[in-house]
1. From ILE105, ILE96, ILE13, grab the single residue that is under 16 Å from the mean Cα position of the chain (by Cα) and more than 21 Å from GLU251 (Cβ to Cβ).
2. Name every residue in region 22-34 that is more than 10 Å from the ligand (Cβ to nearest atom) and assigned to a strand (DSSP E or B), in order of residue number.
3. Could you give me the residue pairs with C-beta distances under 6 Å whose first residue belongs to region 221-235 and is under 15 Å from THR259 (Cα atoms) and in contact (Cβ under 8 Å) with a residue 60 or more places away in the chain, whose second residue is open to solvent by less than 20 Å² (accessible area, probe 1.4 Å) and not in a strand (DSSP E or B) wherever it lies, and which are 6+ apart or on separate chains?
4. Among ALA104, ALA119, ALA124, ALA147, which is open to solvent by less than 40 Å² (accessible area, probe 1.4 Å) and either among the polar types (S, T, N, Q) or at pLDDT below 95 (or both)?
5. Go through region 133-218 and tell me which strands (runs of 3 or more DSSP E), entirely inside it, have 3 or more residues that are over 17 Å from the mean Cα position of the chain (by Cα) and within 23 Å of GLU83 (Cβ to Cβ).
6. Pairs needed: first member in region 166-183, open to solvent by 20 Å² or more (accessible area, probe 1.4 Å); second member anywhere, assigned to a strand (DSSP E or B) and of a type in the set (Lys, Arg); C-beta distance under 6 Å; at least 6 residues apart or different chains.
7. Name the single residue, out of those in region 47-65 being open to solvent by 30 Å² or more (accessible area, probe 1.4 Å) and in contact with a strand residue (DSSP E or B) (Cβ under 8 Å, 6 or more places away or on another chain), that is nearest to the ligand (Cβ to nearest atom).
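The values are calculated or read from the model by the stated rules, or taken from the named source; none is laboratory data. The model shown is predicted, which means the values in this text are computed figures rather than measured ones. Cβ: placed from backbone, ideal geometry, glycine included. Neighbour counts: every protein chain shown. When the accessible area is computed, the model is the full protein with side chains, heavy atoms only, and any ligands, DNA or RNA have been set aside. Shrake-Rupley method; radii C 1.70, N 1.55, O 1.52, S 1.80 Å.
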Amino acid sequence: MKEQPLKKLARRIKKSLKLLLHSGTNYECPLCGYRSRDLAPIGNDYEVLRRYEVVGAAPRRGGCYRCGAYDRDKLVFLYLRDELGIFSAAKKDYHILHIAPSHAIASRLQAHGFASYVAGDLFAEGYDYPGYVKEMNVLNLPFDDNAFDLVLCNHVLEHIEDDRRAMREIYRVMKAGARAILQVPLSKVLEKSIEDPALKTEEERARAFGQRDHVRIYGRDYYERLRQCGFRVEEQNLSAAYPRQGLNPEERLTVAVKTP
Ligand SMILES: [Zn+2]
């Protein structure tokens, strides 16, 4: 029993030393404000991710040493804060659905006190979920039609075999004119997504798609799939506007709008 507090203390000291070691003035995390001289390594080191130049999955330095936010989380947060003005008084009455939430973003949205903020995830074995996350399947969302002003569902669709059904379900629960931020790992070179339902084992999927629980690598046809489900698609690259926030210069934000 006595080891537990000691272990906790050791972890804290180790983290403080790490933050001291990486502190600097080159970068500033928009989520937690940590200023660093470099960024933490993120991504999966599979050959297939390099071969197809998969933005949002291939290894790079883009993480925050303090809050753990990835470059894609920072991109989403900057879009919400500065482009969408989510924290303005006019948007306080927003109803927000956050699927598979990144904690760094979820904590900021929760703290703001929107009309409603619901977080859900498909609970997987071996993972711990914070108390505010409800068990939820994106293929069958427990909400009425036209319920949300904003849906965040990042790095989820590449895990789902029937991704079009998930897209339609997200579309259904959105209000007309509402936005969904639907980031996925996206190949820079593939026109057509790679998927193969015959690949079932974790090893096969890791080798083919770059992560043991991914079922495809998306190509440019990702946008077409969204359009076929009724969305208007906007792509935004904000990296030039935020040189010190450590965004991935190649990463575009996928914003899907429910057309009225
Ligand atoms: Zn941070």
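1. When all the criteria are applied, what remains is ILE96.
2. Keep residues of region 22-34 that are more than 10 Å from the ligand (Cβ to nearest atom), which gives 22-26.
SER23, GLY24, THR25, ASN26, listed by residue number.
3. That search, which allows pairs on different chains as well, returns CYS229/MET167.
4. Being open to solvent by less than 40 Å² (accessible area, probe 1.4 Å) and either among the polar types (S, T, N, Q) or at pLDDT below 95 (or both) holds for just one of ALA104, ALA119, ALA124, ALA147, which is ALA104.
5. Values: elements: 133-135, 148-153, 174-181.
Fully inside region 133-218 and qualifying: 174-181.
6. Matching pairs, first to second residue: TYR171/LYS258; ALA176/LYS258.
7. ARG61
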